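To start, the structure under review is shown below, and the notes come after it.
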Amino acid sequence: MKEKLQKIKERAIAEIEASEGLEKLGEVRNTILGKKGELTAVLKGMKDVPAEDRPKVGQWVNETREAIESVLAQCTRKLEEEAMRLRYESEKIDVTMPAEQPAKGNLHPITQVRNQLTDIFASMGFEIYEGTEIETDYYNFTALNTPQDHPARDMQDTFYLSPEFLLRTQTSAGQIHVMEAKKPPIKIISPGKVFRSDDDATHSPMFTQMEGLVVDKGITLCDLKGMLDEFVKKIFGKSVTMRLRPSYFPFTEPSVEVDVSCFQCGGKGCKLFK
Ligand SMILES: [Zn+2]
């Protein structure tokens, strides 16, 4: 009997030590220590052992069991540690690796041009005034000397929000707010979105405008021309020339439009601007 137990123990330990993986170890445990296991079978056969030998045989069986379980526990621990190590290894993160760079956005072209323009006028001493996109009929029209029956109102199809409120059709409403709040000298530019009920290939219901207002003693149309010339040269280049062309607008007197020489051919005539 002792020999038999010794063989079971040796084989069990050999199998346990050869086991790769916790699953296999569980199988080995079952074949030896399980309900139908070899050692269990020996215990079940105790009834055939003479009564006087039973304590001794019982002790052998227990010793065998303990020896096997001890090796089993040891191997289990080893395999668990190994599994843990592999897991750490596979989940290892190199925190020194450079992070993925998010794609950078750009400013909208209109914002870029707007910044360019405000920089130029700020360098000439203008303050920036940004009004509100929702205005009252009074500030958008009446206070700018365009009462209900004024022809200028026909040129601008207005989005009315209510009889009193509207989406500003121009940035000029800002002029009134500034002049109400401030005594001359006044030197502002007012950039911003304006809205008109107009939509075709060359008109957008929303577009960006920038206007200037200068109120001071001794200010003439020459100052306007000089400032516009400076602005045109900064935007299109020093070689570009500018002229004022008399025009008619129902809301300004005198009224002029600005022409700029072609920056491609210098005004000789080319396909770009005809
Ligand atoms: Zn040209």
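The values are calculated or read from the model by the stated rules, or taken from the named source; none is laboratory data. None of the values given here were measured: they were computed from a predicted structure. Backbone-built Cβ (ideal geometry, glycine too); neighbour counts: all protein chains shown.
Here is a yes/no grid of residues against (1) of a type in the set (A, V, I, L, M); (2) in the same structural domain as GLU82 (by TED's automatic domain parsing); (3) part of a helix (DSSP H, G or I); (4) surrounded by 12 or more Cβ atoms within 10 Å (Cβ to Cβ):
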| position | (1), (2), (3), (4) |
| --- | --- |
| ARG11 | no, yes, yes, yes |
| THR31 | no, yes, yes, yes |
| LYS44 | no, yes, yes, no |
| ALA51 | yes, yes, no, no |
| VAL61 | yes, yes, yes, yes |
| ARG65 | no, yes, yes, yes |
| ILE68 | yes, yes, yes, yes |
message = Which of the numbered conditions does PRO109 fail, given that it passes all the others? Conditions: (1) surrounded by 10 or more Cβ atoms within 10 Å (Cβ to Cβ); (2) closer than 26 Å to LYS233 by Cβ; (3) of a type outside the set (Ser, Thr, Tyr).
response = (1)
query = From the list GLU180, GLU133, GLU164, which one is within 39 Å of the chain's Cα centre (by Cα), at pLDDT 90 or above and of a type in the set (D, E, K, R)?
reply = GLU133
query = Picking from GLY226, GLY237, which residue would you name as being out of contact with any strand residue (DSSP E or B) (no Cβ under 8 Å at 6 or more places or on another chain), more than 16 Å from the ligand (Cβ to nearest atom) and not assigned by TED's automatic domain parsing to the domain that holds ALA122?
reply = GLY226
Among residues of region 240-274, those that are at negative phi, surrounded by 11 or more Cβ atoms within 10 Å (Cβ to Cβ) and within 16 Å of the ligand (Cβ to nearest atom), counted = 13
message = Quick test of your reading of the structure: GLY218 fulfils all but one of (1) touching a Phe, Trp or Tyr at 6+ places or on another chain (Cβ under 6 Å); (2) of a type in the set (Gly, Ala, Ser); (3) at positive phi. Name the failing condition by number.
response = (1)
inquiry  = Looking at region 126-137, can you tell me whether even one residue there is assigned by TED's automatic domain parsing to the domain that holds HIS203, assigned to a helix (DSSP H, G or I) and exposed (fewer than 14 other Cβ atoms within 10 Å of the Cβ)?
reply    = no
